1. Sequence neighbours fewer than 8 away in the same chain don't count; with that in mind, list the lysines whose C-alpha is under 25 Å from Lys156.
2. Taking every pair of alpha-carbon atoms in the stretch 353-432, give the share separated by more than 22 Å as a whole percent.
3. Answer rounded, prolate or oblate for the stretch 157-251, using the Cα gyration tensor with square roots of eigenvalues a ≥ b ≥ c: rounded when a/c is under 1.5, else prolate when a/b is larger than b/c, else oblate.
4. Which whole-number percent gives the relative contact order of the stretch 16-151, counting Cα pairs below 8 Å spaced six or more residues apart?
5. Between Rg and the Kirkwood Rh of the stretch 272-407, both from Cα atoms, what is the Rg to Rh ratio?
6. Please work out whether the stretch 256-308 counts as rounded, prolate or oblate from its C-alpha gyration tensor, where a ≥ b ≥ c are the square roots of the eigenvalues and a/c under 1.5 means rounded, while otherwise a/b larger than b/c means prolate and anything else oblate?
7. In the stretch 174-226, how does Rg compare with the Kirkwood Rh, expressed as the Rg/Rh ratio over alpha carbon atoms?
8. If a/c stays under 1.5 just call it rounded; otherwise compare a/b with b/c (prolate if a/b is bigger, oblate if not). Do that for the stretch 27-68, with a ≥ b ≥ c from the square roots of the Cα gyration tensor eigenvalues.
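None of the figures in this text is laboratory data; all of them are computed from the coordinates on show. The structure presented is a predicted model; accordingly, all values stated were derived computationally and were not measured. In this analysis, Cβ positions are derived from the backbone assuming ideal geometry, glycine residues included, and neighbour counts consider all displayed protein chains.
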Amino acid sequence: MGHDLVIVANRLPVDRVTTPSGETTWRRSPGGLVAAIEPVMRTHGGGVWIGWPGGTDQDMEPFEDDGLSLVPMAMTEQEIEEYYEGFSNGTLWPLYHDVVAKPEFHREWWDAYQSVNKRFAEKAAELAAKNATVWVHDYQLQLVPQYLRDLRPDLKIGFYLHIPFPPGELFQQLPWRRQILEGLLGADLVGFQLPGAAQNFVRLVRQRVGHKTHRDLVYLPDGRSVRAAAFPISIDAAGFEELAQSDAVTDRAKAIREALGNPTKVFLGIDRLDYTKGIYARLRAYSELIRDGHFDVEDAVFVQVAVPSREQVEQYRILRDEIDRLVGRINGDLGRIGRPAISYLHTSYPREEMAALYRAADIMVVTPYRDGMNLVAKEYVACRVEEDGALVLSEFAGAADELRQAWLVNPYDINGMKAALLEAYEAEPKEVTRRMRAMRKTIAQNDVKAWASSFMTELEDVSGVEHQKTVR
Ligand code: G6P
C-alpha cells in the first residue's frame, strides 16, 4: 500500500555529516526549504519524504526521524559533483538569481541532472498510492513532474519553486530551456514565491514551447491544463513566538548581550554563506558608519552568522575567503581590545539559539541581491514578542512584498544602505514599534500552514477540474 502524500525534495530534513574524527552524525539540513516543509509534514500524518541524506552512502534504508518517514536517495560522488554542485548550484542557482555570479553550462552536468531527476521520479512513482498527491520541490528537481506523469498519470502533481524564477532575458541563456519548461508542465500546479515569477513562466511557455495560455493557465495539446500561481512561503510563526518567549531563550538572549559587552545596539545578520546574500557589501556599509564616526565599537556591534554552505563549489570558497579577509580587516582597523566591530561566526545553530539571537538583536539586517523569499526576515519578526526591533530589508528579497514596514534598501547602493542602517539605529522607539507591530500582524496571518493549505487546496481544484474533464 502506498502513501497518500509524497514529498520529493533534493534534501531530507536531516543531513548526514562526517566529523573530522571520522564519525558520522545527523544534523538539521540548512536552508529555507526544509524549514518550511518540515512543519507541513508534521501536521500531515501518513506522508513520506524522499530526498538526499547528504554524503555518498549507497545503501541506506528508509527510516523514521522524530516521527517523519524518510526515504534516502543515494548519490554517487560523480552525481554530487555534476547534478548537485554542477547543474543545480553552478548553473541554475546563479542563473535564477539574476546572474549575480556567472552560470556555467556543461553538457555532462545536464546529463547527470536528467538521470538523477529520473531516479527521484521513479522512487515517487513506486511509493505513491493510487490517486495520491505528490509535491515536488525546488530547482534541483524541475524534470520530476513530467517524468512522474509519464509513469503515473493518476497522480496529482504539484511543484513549488522556492527560489526566484528569472525573466525570459536570463532564462533563455539556458541551452536546455525548453526541456526544463516541459519538465515543469508535468505538474497540475506550479507554485512560485511571487506573481512576477509565475508570469515569467507562463510567458516563456507561450514563447518557447508554443502552448496556448490565458492568464495563469497553460493549455496543453492533450487537453490537460496547468496552473501557475504565486504562493509566498512563510514560517511557523506561532512556534517561533512561543520559543522566543520561553525562559531558556529569554535568558540566553540576555547572556548573548552580556557576552557582547552590553552595547547600546546589536545588529544581526544570519545567512547561508552565499554570494546572493550580499554579506560583503552589508559589512562594508556598516564598517563605514563606524569609520565616519556615526557610532563607535563601544556603542554597537554587528553579529554576523554565516552558515556553511556548498563548500565544494568554487564560488562559495572564494566568497568565504573574501568575507574572512574583510572581517579581519575591519576588526583590525576599527576594533578595540574585547570590542570587535563585527562578531563573525561561521557555523550553524539550532532553532533555540537562532531565536535567542533574534531576541538579542535591535536591528536585523537582511540584504540579499536576490532572494526567493528569505525566511530569516520573517523569523526575526515572529520572535520580536515585545514589538520592538528594526528590520533592514532588501527590496530584492521576496519578503519585501509583504514586510513593507521594514527599512527597505537597494543592496547595490552602499550609501543608501548606510543611510538605512543609520536611520534604523537612530529611530525613535515609537516608530520602531509602529513598524514592527504591522509586520507582526502580517506574519501571524500568513504562516506556513496557511501557505501549505492554500497550495494543496489549489492543487485539488486544478486536478479536480482536470479529472472531471477526462471523465466526461
Ligand atoms: C535554498 C534552496 C534549497 C536548499 C537550501 C540549502 O533554501 O532553495 O533547495 O536546500 O538553500 O542549500 P543546500 O544546497 O545545502 O541544500
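1. Counting by Cα, and skipping residues close in sequence, Lys156 has these lysines nearby: Lys118, Lys123, Lys130, Lys212, Lys449, Lys469.
2. Numbers: 573 of 3160 pairs.
The calculated P(r) of the stretch 353-432 puts 18 percent of pairs beyond 22 Å.
3. prolate
4. 16
5. With Rg and the Kirkwood Rh in hand, the quotient comes to 0.95.
6. Oblate shape, in that a/c is at least 1.5 and b/c is the bigger or equal ratio.
7. 0.92
8. Oblate shape, in that a/c is at least 1.5 and b/c is the bigger or equal ratio.
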